[in-house]
Amino acid sequence: MKRFGFLIILIALVSTACAPRINDFPTRPPNFTPASLPTAKLGEEFTVKSGSGPVSVDNGGMEIHIYRIVSDSRCPLTVECVEQGPVVLEFQVSTADITRQQITLSLLADKSDPATVGDYWITLVSVDPYPQNPDSLRPGDYTATLIVTKCESGAVSCP
């Protein structure tokens, strides 16, 4: 009977220790205030650092941050590759119309297809740093350069 009671207590402790808590996954950096967000202008390049908080675009009309690094198949500088693959990043985007949406952008040989979120057109311009060796980059090392434009009637044609 003592073993059974011990087993129940052990299972309860393990299950509560492994359960995610809301505070374990913050969507904003510590000490966040809307005024503390880095800002970017429409039509101009800006950077988003992996592991950092969001960047505010269009006077707060949109916020974007790197959600995760999906894959990096670029050929490292110290390796000879037959073919180079893309770097693929997933971003979390919030707008006034859309609370949160995840988009995936990839870059292959400096070419990227844009994604549309609400009235915004988001293009991945570059991803740094470039890998020197295989597996030399950690998820927090990445910085993405983006351009966001707004799709308005007659201004920009969105895909």
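How many of the residues making up region 41-76 are assigned to a strand (DSSP E or B) and farther than 14 Å from Q92 by Cα? Steps first, answer last, please.
Narrowing region 41-76 to residues assigned to a strand (DSSP E or B): 46-49, 55-57, 62-72.
Adding the requirement that they be farther than 14 Å from Q92 by Cα leaves 46-47, 71-72.
Within region 41-76, residues that are assigned to a strand (DSSP E or B) and farther than 14 Å from Q92 by Cα number 4.
Across region 108-117, what is the total count of residues that are buried (at least 16 other Cβ atoms within 10 Å of the Cβ) and in a loop (DSSP other than H, G, I, E, B)? Break it down into steps so the answer makes sense when it comes.
Narrowing region 108-117 to residues buried (at least 16 other Cβ atoms within 10 Å of the Cβ): 112, 114-115, 117.
Among the residues that remain, those that are also in a loop (DSSP other than H, G, I, E, B) are: 112, 114.
Here the count works out to 2.
Taking the criterion of being over 20 Å from A40 (Cβ atoms) and either among the small types (G, A, S) or surrounded by fewer than 19 Cβ atoms within 10 Å (Cβ to Cβ) (or both), would at least one residue in region 118-128 satisfy it? Reasoning before the result, please.
Taking region 118-128 as the starting set, the residues that turn out to be over 20 Å from A40 (Cβ atoms) are none.
No, the conditions are met nowhere in region 118-128.
Considering region 121-150 alone, what residues qualify as being free of Cβ contacts under 8 Å to residues at least 40 places away in the same chain and part of a loop (DSSP other than H, G, I, E, B)?
P129, D135, R138
Examine region 77-84 for a residue that is closer than 21 Å to G140 by Cα and in a strand (DSSP E or B), and state whether such a residue exists.
Taking region 77-84 as the starting set, the residues that turn out to be closer than 21 Å to G140 by Cα are 77.
Within this subset, residues satisfying the condition of being in a strand (DSSP E or B) are none.
No, the conditions are met nowhere in region 77-84.
Going through region 101-116 one residue at a time, which ones are at negative phi and more than 13 Å from the chain's Cα centre (by Cα)?
Quick first cut of region 101-116, residues at negative phi only: 101-108, 111-116.
Matches in region 101-116: L107, L108, K111, S112, D113, P114, A115, T116.
Looking only at residues in region 85-102 that are farther than 16 Å from D58 by Cβ and not in a strand (DSSP E or B), which one is modelled with the lowest pLDDT?
Restricting attention to region 85-102, the residues satisfying the condition of being farther than 16 Å from D58 by Cβ are 85-90, 92, 99-100, 102.
This time we only want the ones that are not in a strand (DSSP E or B), so: 85-86, 99-100.
On the way: G85: 93, P86: 95, T99: 74, R100: 86.
Among those that are farther than 16 Å from D58 by Cβ and not in a strand (DSSP E or B), it is T99.
Looking only at region 72-98, how many residues end up being buried (at least 18 other Cβ atoms within 10 Å of the Cβ) and more than 20 Å from G118 (Cβ to Cβ)?
Residues meeting the conditions: 5.
Just one of (1) of a type outside the set (G, A, S); (2) touching a residue at least 60 places away in the same chain (Cβ under 8 Å); (3) over 12 Å from V148 (Cα atoms); (4) part of a strand (DSSP E or B) trips up L105, so point out which.
(2)
The values are calculated or read from the model by the stated rules, or taken from the named source; none is laboratory data. As the structure is a computational prediction, the values presented were derived from the model and not from experiment. Virtual Cβ from ideal backbone geometry, glycine too; neighbours counted across all protein chains shown.
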